[in-house]
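Below: the structure, in structure tokens.
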Amino acid sequence: MADLTHWKADLKRSLLVNSVLGRALSPTAIEGACRTLGHTWRDSFWSPTTTLLTFLLQILSAEKTLRAGVADLLAQLADQGREDLPSADPTAYCQARRRLPGEVLVGVLGYIVEQMKALPSTAGTWLGRRAWIIDGTTVSMPDEPGLQKTFPQPRGQKPGCGFPVARLVVLFCWATGAIVDLAIHSLHSHELALFRGLWHHFRPGDVAVCDRAYCAFVDMARLLERGVFCVFRLHQRRQADFRAGRRLGHDDQLVTWPRPDQWLASMGISRREFEALPESLTVRLVRITQVPRGFRSRTIVVVTTLTDPVETPAEQIRSLYRDRWLAELNLRSLKTQLGMDVLRGQSVDVVGKEIVMHLVAYNLIRLLMWHAARAQDRDLHRLSFTGTLHRLRDVFPLVLRADARAKKERLMAQLLQWIADDQVPDRPDRFEPRRKKRRPKEYSLLSKPRRWYHLHGDAHAR
């Protein structure tokens, strides 16, 4: 077995050299959290800190495999001249990852989120209010019995021909793009029910920005009771009548919504709580008629509980709702660029850890982007997430195995400079068709379980 004393000391120095990464991944904090949870481990190579770091390297790698994470770590140790390295077989790492408590990973994520909440920024609020963007998505995972039981495949697919799918509702910070929290459940649950589990993050005066799936009287009234305001797209079942109510301006109207006639269990509250809600709710309708070419609708109606046209002008509300599209871009970064679209874990526990580590990597990238924007006076929303990911993949291993502190600091400073220089072109109202140019290979779809083809041969399927 290799001598771990020097490696652990180098690891601590490598992480603690920079506050952006060091405090979040402090070996002292990670091992302290494990001891608090009663988790014990042998004095071996795969300590909790080494396991978590390798997990992060695996998530950041393009291959996303266990072998890739272990290979990255061992390559760094070999470059430092270490001898008697552990086996390159990822089995020991896989077992250590399975033993690592998920609460430790959640703690690391929570620390990063708190650091991002505390970031000083003059542009961190919308009209003096904290703004949150909420949206839902799905992720797929391997076809394993345990995963199928917890996250059943979509209805209508034959057994053995589909994959487990989980529904996620993600809470984004409007100012930084960070993921503050998410709710996860099976595909057969509604996004609105998961959204209610994220309300504890809201404070009085906050603004929640969502699409029309969340536009329900009960939820808007309950949020307003908490002092939280809504900016939602009008639900497709509601009709917007700008001839009724009180006119505040052009395409800007105050209307009154009556409480629903009957209580439903899907509202997420008891019958008594439903009857305690106000009998009516005054909301504001703001119409957006100049929708850019290529968007799905020519006219969008936004409903909000921000009813003061002086404090919150209609143009500001239109601009804020347009920023809801940032959630789509952030989810694309998380699922496509970071590769969380298809998870690799074989059990519910590992899948949960995999999701948390993707959020850790995502928020670390957002944290680096914020520091780069602040250091070089750049617009944070113009910096490239993909460019930051590519540069972090290359620079992070160099920082870990650099010997001199001055070299580590120089690498991190250069990384921030590269991130700041990689700005996305300003292309408002850009239109791109949602169509693919490259044709996939013309293979037929799997219409029976794979084992059936093993027994009968592929020719019998035609």
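The values are calculated or read from the model by the stated rules, or taken from the named source; none is laboratory data. A quick note: this is a predicted structure, and the numbers were derived from the prediction, not measured. Virtual Cβ from ideal backbone geometry, glycine too; neighbours counted across all protein chains shown.
Miscellaneous remarks
- Evaluation of ALA327 against (1) within 26 Å of the chain's Cα centre (by Cα); (2) more than 23 Å from LEU119 (Cα to Cα) (one fails), failing number: (2)
- Test result for GLY107, buried (at least 16 other Cβ atoms within 10 Å of the Cβ), under 18 Å from the mean Cα position of the chain (by Cα), more than 16 Å from GLU354 (Cα to Cα) and in contact (Cβ under 8 Å) with a residue 12 or more places away in the chain: no
- For segment 149-202, filtered to residues that are crowded, with 18+ Cβ neighbours inside 10 Å and of a type in the set (Gly, Ala, Ser), the residue that is nearest to TYR362 (Cα to Cα) is ALA178.
- Odd one out for ALA244 among (1) more than 25 Å from the chain's Cα centre (by Cα); (2) buried (at least 18 other Cβ atoms within 10 Å of the Cβ): (2)
- Condition broken by VAL228, with the remaining ones in (1) at pLDDT below 95; (2) touching a helix residue (DSSP H, G or I) at 6+ places or on another chain (Cβ under 9 Å); (3) of a type in the set (A, V, I, L, M, F, W, C) satisfied: (1)
- Selection of helices (runs of 4 or more DSSP H) fully inside segment 269-382 by the criterion of at least 1 residues being without any contact (Cβ under 8 Å) to a residue 12 or more places away in the chain and within 30 Å of ARG238 (Cβ to Cβ) returns 271-276, 314-322, 325-332.
- Residues in segment 23-50 that are polar (S, T, N, Q) and modelled with pLDDT under 80 were compared, and the one that is surrounded by the fewest Cβ atoms within 10 Å (Cβ to Cβ) is THR28.
- For segment 433-447, the count of residues that are within 24 Å of VAL165 (Cβ to Cβ), in contact (Cβ under 8 Å) with a residue 12 or more places away in the chain and touching a Gly at 6+ places or on another chain (Cβ under 9 Å) is at least one.
- Restricting segment 257-268 to residues that are in contact (Cβ under 8 Å) with a residue 12 or more places away in the chain and within 35 Å of the chain's Cα centre (by Cα), the residue that is farthest from GLU315 (Cα to Cα): TRP263
- In segment 221-256, the residues that are in a strand (DSSP E or B) and in contact (Cβ under 8 Å) with a residue 24 or more places away in the chain: PHE229, CYS230, VAL231, PHE232, ARG233, LEU248, GLY249, ASP252, GLN253, LEU254, VAL255, THR256
- Filtered residues of segment 31-60 (kept if under 28 Å from HIS390 (Cα atoms), among the hydroxyl-bearing types (Ser, Thr, Tyr) and assigned to a helix (DSSP H, G or I)): THR49, THR50, THR51, THR54
- Extreme residue, farthest from PHE385 (Cα to Cα), among residues of segment 403-422 that are surrounded by 20 or more Cβ atoms within 10 Å (Cβ to Cβ) and touching a Ser or Thr at 6+ places or on another chain (Cβ under 8 Å): LYS408
- In segment 96-128, the qualifying residues are those that are in a loop (DSSP other than H, G, I, E, B) and aliphatic (A, V, I, L, M), and the one that is modelled with the lowest pLDDT is ALA123.
- Residue check, ARG438 at pLDDT 85 or above and loosely packed, with under 14 Cβ neighbours inside 10 Å: yes
- Scan of segment 81-95 for residues that are of a type in the set (A, V, I, L, M) and assigned to a helix (DSSP H, G or I), ordered by number: ALA92
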